[in-house]
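Following: one structure in C-alpha cells, then a few remarks.
Since every read-out is calculated from the coordinates, none of them should be taken as a lab result. All of these numbers come straight from a predicted model, not from anything done at the bench. Heads up, the Cβs are rebuilt from the backbone with ideal geometry, glycines too, and the neighbour counts pull from every protein chain shown.
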Amino acid sequence: MSHPARTRRFLTVLLAGAGVMHFARPAPFDSIVPPVLPGRARSYTYASGVAELAVAGLLAAPATRRLGGAASVALFVAVFPANVQMAWDSRHASAVQRAIAVGRLPLQGVLVAQGLSVARDGAPASR
C-alpha cells in the first residue's frame, strides 16, 4: 500500500471512529466544547460527530477523495479550539493528563498536513 493510501486510510479510520464515539460516549466531547460558544455543548458534539462521519465517507470513496482531504483540513482546523480548551482545562490535572492534552495540539498540525496530502494526491485510482 502506498504512502498516500495509508494516510487516507488512517484518516478515514480515525475520523469514522471519532465520529462514532461522539454518539456512543458524548460526555468527554461535551466537556471540551469551548464555553464561549452559544447553545448546548451536546449540539456541537453531535454536529462534529456528523461532520467526522461525513468526511470519513468522502475519504473512503475514490470519487470524493480529494474533497475528503480538503474537508478533513477544514474539520481539523474547526475543532482545534476544542483541543485548546482541553489543554487549558488540564492545567490542574495530573502530569500525564496535561501531557496528553497539550501533546494533542501539535498533532493537530500533523493531521492538517495529512489532510492536505490527501487533497493534493488523492486522485481516484485508475482501473
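Karplus-derived 3J(HN,Hα) values for the stretch 49-60, using 6.51 cos²θ - 1.76 cosθ + 1.60 with θ = phi - 60°, are x, 4, 4, 5, 5, 5, 5, 4, x, 4, 5, 6 Hz; glycine and proline are entered as x. Computed about the Cα centre, the dipole magnitude for the chain is approximately 260 debye when only Lys and Arg (+1) and Asp and Glu (-1) carry charge, each at its Cβ. D by Stokes-Einstein for the stretch 3-118, Kirkwood Rh over Cα pairs, 25 °C, 0.890 mPa s: 168 µm²/s. One decimal place: the segment residue 2-residue 100 gains 32.3 nm when fully extended, by the rule 0.36 nm per residue minus the C-alpha distance. For the chain, what is the mean residue ellipticity at 222 nm derived from helices alone (per DSSP H run of n ≥ 4: -39500 (n - 2.57); sum divided by total residues; nearest 500 deg cm²/dmol)? Calculated at 222 nm, the ellipticity per residue is -25500 deg cm²/dmol. This ranking places 79, 102, 55, 50 by how few other beta-carbon atoms lie within 10 Å of each, fewest first, which gives 50, 102, 79, 55.
Estimated at 0.36 nm per residue, the fully extended path between residue 24 and residue 93 surpasses their Cα-Cα distance by 22.4 nm.
What does the extension gain come out to for residue 80 and residue 63, with contour length at 0.36 nm per residue minus their alpha carbon separation?
Extra length from residue 80 to residue 63 when fully extended: 3.4 nm.
With Cα atoms defining each centre, the stretch 83-124 and the stretch 4-61 are spaced 13 Å apart in the structure.
Couplings 3J(HN,Hα) of the stretch 110-116, computed from phi: 5, 5, 4, 4, 5, x, 4 Hz, in residue order, whole Hz [Karplus 6.51 cos²θ - 1.76 cosθ + 1.60, θ = phi - 60°; x for Gly and Pro].
On a 0 to 90° scale, report how tilted helix 65-78 is relative to the longest principal axis of the chain, with both axes built from alpha carbons and the result rounded to the nearest 10. Compared with the principal axis, the helix lies near 10 degrees.
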